[in-house]
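Worksheet for the structure shown next.
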Amino acid sequence: MVSQKNPPPGETPGALAGLRVIDQTQVMAGPFCSMLLADMGAEVIKVEPLEGETMRQERVIAPGVSASFLALNRNKRSLALDLKQPGGVEVLKKLAASADVLVENYRPGVAGRLGVDYETLKKINPRLIYCSISGFGQTGPYASRGGFDLIAQGMSGIMSATGSEGGPPVKVGVPITDLGAGLFAVFGILCALRARRTTGRGQFVDTSLFEAGLALSAWEATEYWYTGQIPKRLGTAHRLNAPYQAFKASDGYFTVGAANNKLWALFAEMLGLGELVTDPRFNTVGGRMQNRLQLEKLLEAATSKQSRAHWLERCEQAGVPAGPIYSVAEAHADPQAQARGMTLEYEYPGVGWVKALGNPVKLSKTPARLRKVPPRLGEDSDAILRELGYGADEVKALRAKKAVA
Amino acid sequence: MKPLEGIRVIDLTQAMAAPFCTMNLADMGADVIKIEPPGEGEPTRQLGAAQKNGHSATFMTMNRGKRGIAVDLKQPEGVEIVRKLAATADVFVQNYRPGVVKRLGLDFESLQKINPRLIYCQISGFGNTGPYASRGGYDLIAQGMSGVISVTGDEDGPPAKSGIPLADLAAGLFGAYGILSALEYRERTGEGQLVDTSLLEAAMALTVWESSEYWTTGKAPKPKGSAHRNSAPYQALKASDGYFTVGAGNDKLFAAFCAALGRKDFLEDARFASRAARLAHRRELEAEIEKITGRETRAAWLAHLEQAGVPAGPINNYAEALADPHALARGMVVDLVHPGAGDIKALGVPVKLSETPGAVDRAAPLLGEHTAQILNELCYSESEQAALLSKGVVQ
């Protein structure tokens with residue numbers, strides 16, 4: 001039982017209960033994908049090297065406990081396995097025979113060298129859905145390159161559209177191609193599960209950080225293809241609409257999305273600048289876009305006279321969408337984030353209370369929930385081996401050979 | 001066969017987040033029926049700068065692969081058509097503010113009565129519950145309130161958001177994840193349910209490292225330009241003709257990078273010898289490295305680093321990214337024919353399924369393009385259809 005503050009009520013099963021997932025992943029994209037499956041009730045077995053996955057070394061908050069690892073590995077079991085030993089590979093094959101899904105994010109080729117690639121495992125289990133997440137995908141000229149979020153943000157165009165014009169390069173502050181690839185992988189896996197109901201067979205699911213970055217560039221690709229103009233860096237402003245950006249108040253910035261004629265009129269009148277609504281420079285979206293910097297100047301002359309809190313209250317009264325620019329600390333303290341369960345708090349044995357992000361999707365009958373705190377390295381090795389039919393002596397022998405820990 | 005063939009989705013959505021959700025379902029073979037008001041259609045059909053032959057590019061982008069029916073929800077016969085559609089559907093997706101669908105009788109509770117197997121997904125600014133449930137929300141506002149803007153941009157510059165609307169896009173993807181999870185549950189129990197997500201929650205769910213940093217250190221993370229929060233060097237670096245990216249944060253890659261720079265001595269330098277030391281001295285490290293990278297072009301460094309096995313890449317603009325040979329080899333640019341706009345381009349499917357791949361093979365519908373077809377499927381007779389048309393209930 002997890003000791004958790006304010007868990008969702010009841011004891012409903014997860015939407016994905018009964019699904020068995022082998023999680024041979026590390027760092028972010030893969031662990032994020034398998035965590036989303038685990039949150040919905042899938043049984044996720046994290047297969048780690050004997051020294052643990054690399055993130056276990058980062059942000060260590062207690063002996064053997066890493067905050068970075070905790071952040072992406074809740075609801076999973078851990079099996080520490082040496083895949084360079086035949087005994088280790090055999091365990092993995094037995095696991096794959098019993099599983100519905102396997103997720104890995106090695107560089108292309110590594111799984112093949114270890115003898116645990118899709119071609120090998122599908123012979124053991126034709127129903128297996130095998131998902132690979134890599135920097136660039138399993139095919140194409142860059143398939144063998146290593147890829148990180150930064151590289152994918154740069155190559156997909158995202159960095160070219162982020163930050164302020166004239167400044168040095170800026171990436172999206174959160175690793176959006178890692179997270180996007182994890183999300184597209186979940187989507188692909190769940191689609192493959194649907195297909196399996198018809199075909200009876202599993203398949204190979206292949207996605208990458210680079211492709212996720214491109215797929216998330218729908219607006220920017222559209223702008224380029226249809227206008228011939230290359231999307232620029234606009235700070236906080238919108239590509240196709242204005243005013244829709246951060247504005248300066250007397251004590252900092254706040255955001256306003258007055259993205260159509262009606263909201264624009266409300267916003268201008270609220271600022272006492274009603275005359276701008278009929279001004280030929282600003283009376284259409286096209287005009288406001290064309291004269292955006294001029295518009296920004298005129299509006300900021302008004303907004304900078306009062307505080308953020310003042311303007312946010314006035315915007316709420318006027319029905320103009322607006323919001324603060326929170327730090328991550330303020331974001332978690334916000335009453336809406338709290339009401340939606342975006343901060344979980346649970347007791348980690350030997351550490352005390354720790355916090356984690358909630359799942360952003362609320363299912364009415366089968367809510368995502370914290371069923372198991374993130375595992376210690378190899379915490380479930382014995383139990384998993386016994387479930388696979390290994391006897392006590394065999395487990396002992398595997399441990400003695402350091403095939404398992 | 002595509003993997004979601006046989007799944008019918010009613011799409012009462014507009015703008016970006018929810019249309020992106022159903023677009024992904026359509027790419028994978030779901031029969032997505034987009035419901036729009038007669039006359040102008042959904043708001044993104046209004047023409048901005050991005051258009052072709054009078055067809056809005058933003059609408060075409062988010063609505064490919066869907067069928068279209070134009071129905072007036074202000075008339076009871078129009079609402080009745082949508083209720084009939086919901087009775088035949090597996091999934092219903094909408095992104096109205098809470099309250100609007102209730103007035104129309106198209107809320108979860110009402111539709112569940114006529115179809116208990118229905119999975120009803122709502123994607124809103126802030127979610128269906130909580131103090132801001134009734135507020136409108138945009139990507140920008142969600143980026144601001146989730147903390148994403150607070151960690152994006154130059155270290156001392158004005159605020160910058162993610163250049164791509166990540167709260168919208170992620171909410172759409174989280175919605176698809178919730179819907180497909182709920183479909184699995186329905187396979188076991190026959191029961192549908194409500195799937196409720198929002199731009200705010202989606203954006204917050206992306207702050208994994210940043211939230212973790214805050215909870216661990218007690219300090220709210222700040223923007224770092226192109227640099228990584230937990231490792232260095234992992235950032236854009238200046239060559240003689242512009243910037244390129246390098247990710248060499250771990251000891252092994254750092255050693256390979258130093259060798260490629262001809263500065264193996266960095267490995268002995270106490271400021272750079274460990275991961276923690278490099279992070280603590282990131283600015284000094286950057287200055288030292290840029291003394292060397294500044295001597296040659298981006299292209300030269302990318303070639304050196306590829307040989308050395310150090311992950312690195314160009315900072316492409318969208319003209320370059322969309323023409324990149326790897327992007328093309330992976331099918332990320334697709335040619336489509338739209339009935340009005342003619343030849344257009346679209347982004348491909350980023351996740352490849354070997355046996356039942358998704359595909360982008362049909363452009364977005366014209367307003368009301370499939371109205372008659374869909375009414376026929378619902379068994380409206382010709383005379384009933386004529387009556388609906390003449391009353392302006394459908395178009």
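Listed values, structure above:
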{"item": "Counting DSSP beta bridges with both ends in the protein assembly as shown, the antiparallel % (nearest 5)", "result": "50"}
{"item": "Loop-located trypsin sites (Lys or Arg not before Pro) in segment B:242-328, at most 12 other Cβ atoms within 10 Å (DSSP)", "result": "B:ARG295"}
{"item": "Theoretical ellipticity at 222 nm over chain B - DSSP helices of four or more residues, -39500 (n - 2.57) apiece, nearest 500", "result": "-11000 deg cm²/dmol"}
{"item": "Most to least packed among B:5-13, B:304-312, A:154-162 [average Cβ atoms within 10 Å]", "result": "A:154-162, B:5-13, B:304-312"}
{"item": "Between segment A:236-263 and segment A:270-295, the Cα center-to-center distance that results, in Å", "result": "12"}
{"item": "Dipole moment magnitude, nearest 20 debye, chain A about Cα centre, only Lys, Arg, Asp, Glu C-beta charged", "result": "700"}
{"item": "Axial C-alpha extent at least 24 Å, average Kyte-Doolittle at least 1.6 - helices from chain A (DSSP)", "result": "none"}
{"item": "Distance between modelled label sites at A:ALA339 and B:ASN376, nm, 7 Å Cα→Cβ extension", "result": "4.8"}
{"item": "Among B:ALA277, B:GLY313, B:ALA256 - extreme Cα towards positive end, dipole of segment B:234-316, charges at beta-carbon", "result": "B:ALA277"}
{"item": "For q = 0.16, 0.23, 0.25 Å⁻¹, Debye-computed log10 I/I(0) when each Cα of segment B:234-316 counts as one equal scatterer", "result": "-0.53, -1.13, -1.33"}
{"item": "Aspartates and glutamates with Cα under 13 Å of B:LYS74, excluding same-chain neighbours fewer than 8 positions away", "result": "B:GLU36"}
{"item": "Pairwise centroid distance, computed over Cα atoms, of segment B:173-225 with segment B:44-110, Å", "result": "25"}
{"item": "Hits among lysines - C-alpha to C-alpha of B:LYS2 under 17 Å, sequence gap 8 or more where chains match", "result": "B:LYS66, B:LYS352"}
{"item": "Neighbouring partner chain Cβ atoms per residue of B:302-309, average, 10 Å criterion", "result": "1"}
{"item": "Charge tally in the Cβ shell below 13 Å around B:SER146, where Lys, Arg are +1 and Asp, Glu are -1, B:SER146 excluded", "result": "-4"}
{"item": "Equivalent ellipsoid semi-axes - Cα gyration tensor, segment A:283-405, angstrom", "result": "55, 18, 15"}
{"item": "Shielding of B:221-229 by partner chains, average beta-carbon count, 10 Å", "result": "5"}
{"item": "Of B:LYS222/B:LYS264; A:LYS232/B:LYS161; B:LYS52/B:LYS391; A:LYS232/B:LYS291, those spanning more than 21 Å from alpha-carbon to alpha-carbon", "result": "B:LYS222/B:LYS264; B:LYS52/B:LYS391; A:LYS232/B:LYS291"}
{"item": "Residues B:TYR234, B:TYR318 arranged by fewest to most Cβ contacts within 10 Å", "result": "B:TYR318, B:TYR234"}
{"item": "Within chain A, longest stretch free of exposed GluC sites (Glu not before Pro) [DSSP loop, at most 11 other beta carbons within 10 Å]", "result": "A:166-405"}
{"item": "Sites B:ALA280 and A:THR12, calculated FRET efficiency, Cβ-Cβ separation with R0 41 Å, nearest 0.05", "result": "0.30"}
{"item": "Computed P(r) (all Cα pairs; chain A; 10 Å bins; percent)", "result": "4, 18, 25, 23, 16, 9, 4, 1, 0"}
{"item": "Cα→Cβ-extended label distance, 7 Å offset, between B:GLU5 and A:GLU313, nm", "result": "6.1"}
{"item": "Residue-averaged 222 nm ellipticity for chain A, from DSSP H runs of 4+ at -39500 (n - 2.57), nearest 500", "result": "-11000 deg cm²/dmol"}
{"item": "Pairwise centroid distance, computed over Cα atoms, of segment B:352-393 with segment A:147-177, Å", "result": "40"}
{"item": "Partner lysines for A:LYS402 [C-alpha distance under 26 Å; skip if fewer than 8 residues away on the same chain]", "result": "A:LYS46, A:LYS76, A:LYS84, A:LYS93, A:LYS94, B:LYS252"}
{"item": "Per principal axis, descending, Cα span of segment A:1-153 in whole Å", "result": "49, 35, 30"}
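Every read-out reported here was derived from the displayed coordinates using simple, explicitly stated rules and does not represent laboratory data. Given the structure is predicted, the values throughout are model-derived calculations rather than measurements. Because the Cβ atoms are built from the backbone with ideal geometry, glycine has one as well, and the counts that use them run over all protein chains shown.
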